[in-house]
1. Checking the a/c ratio against 1.5 first, then a/b against b/c, what shape does the Cα gyration tensor give for segment 183-240?
2. I need the shape label for segment 139-193. Rule: rounded when a/c is under 1.5, else prolate if a/b > b/c, else oblate, with a, b, c from the alpha carbon gyration tensor.
3. Determine, for each peptide in 185-191, 52-58, 269-275, the mean count of other beta carbons within 10 angstrom over its residues, then list the peptides with the highest first.
4. Based solely on its DSSP helices, what 222 nm [θ] is calculated for the chain when runs of n ≥ 4 H residues each add -39,500 (n - 2.57) and the sum is averaged over all residues, nearest 500 deg cm²/dmol?
5. Between 15, 219, 116, which gets the highest mean-square fluctuation from a Gaussian network model of the chain, Cα cutoff 10 Å?
6. Would you work out if the chain is rounded, prolate or oblate? Take a ≥ b ≥ c from the square roots of the eigenvalues of the alpha-carbon gyration tensor; rounded if a/c is under 1.5, else prolate when a/b is larger than b/c, oblate otherwise.
7. Using a Gaussian network model of the chain with C-alpha springs under 10 Å, which one of 34, 148, 75 is most mobile by mean-square fluctuation?
8. Post the alpha-carbon centroid distance, segment 81-133 to segment 151-181, in whole angstrom.
Ligand code: HEM
């Protein structure tokens with residue numbers, strides 16, 4: 001068995017049959033399980049059967065088992081939940097974003113009206129739009145807290161450097177989500193703020209002007225700009241984020257998490273034979 005397949009925890013292992021169960025008299029009274037007994041048994045096992053069916057065809061259970069029941073170091077605390085909290089913030093953004101995309105129109109002449117329509121007329125539109133707007137801030141705050149945790153706990157050191165680098169790319173992509181999303185309501189504030197942000201990008205050395213041209217979809221702001229931001233905001237950048245979160249979590253499962261820095265390795269007294 002590989003290192004990634006720890007045994008199932010006790011509460012998930014099937015219980016051995018009790019002696020009394022062998023003499024069980026079924027619901028037909030003939031000592032054999034009747035139809036109702038069989039149905040009950042089948043219903044109780046249906047979940048395990050579906051998982052068994054999938055596992056036989058995909059072979060994913062060793063990975064899932066390794067991921068879900070892996071050992072974590074002593075002293076693991078709530079700060080270790082910040083990564084998962086960031087992931088849930090991303091999932092919430094994805095779900096609310098899908099609902100917004102059902103009503104939003106990325107056309108320069110219609111974008112503002114469609115956003116106002118979501119807020120004022122669509123059922124729960126204001127709630128979903130606000131969740132998406134505040135969720136983006138929550139995700140960025142959680143991201144920085146998670147990054148701070150991994151930095152302070154020294155989790156960026158060998159052998160986790162690659163996961164740190166993936167994290168940095170995730171950070172840049174998450175900020176890119178904020179930038180590209182800001183233009184979409186297409187009101188005065190989002191329009192002028194985006195002009196400032198794109199001009200800031202343009203001032204970067206060497207590649208700055210190319211980034212600005214790419215974002216604008218040309219040398220000037222035009223109706224293409226909002227379509228471009230929309231494509232980046234709901235296809236390219238979230239796709240990259242989802243793929244990189246997958247790689248990030250794979251490495252977390254493979255390398256395990258770092259123990260808190262204040263925990264010293266336990267000293268084991270050596271026996272005479274070992275000395
Ligand atoms: C969308 C953004 C991100 C998500 C969803 C995410 C998710 C996670 C999760 C669930 C874990 C395991 C649990 C934990 O230690 O908190 C983790 C670990 C880690 N993350 Fe992130 N992360 C993100 C961004 C970042 C960033 C920006 C960095 C740093 C630049 C980073 C660096 C790390 C490192 C080094 C670990 C390993 C921690 C250890 O071994 O103790 N992550 N991440």
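1. Taking the square roots of the gyration eigenvalues as a ≥ b ≥ c, segment 183-240 is oblate.
2. prolate
3. Those peptides, ordered most packed to least, come out 185-191, 52-58, 269-275.
4. The helix-only estimate for the chain comes to -20000 deg cm²/dmol at 222 nm.
5. 15
6. Numbers: a/c = 3.19, a/b = 1.54, b/c = 2.07.
It is oblate, given that a/c is not under 1.5 and a/b is not larger than b/c.
7. Maximum among the listed residues: 34.
8. About 25 Å separates the Cα centre of segment 81-133 from the one of segment 151-181.
Values in this text are rule-based calculations from the coordinates and carry no lab data. The shown structure was predicted, so the numbers you read here are calculated from the model rather than taken from an experiment. A quick note on method: Cβ atoms are made from the backbone with ideal geometry, for glycine too, and the neighbour counts reach across all protein chains shown.
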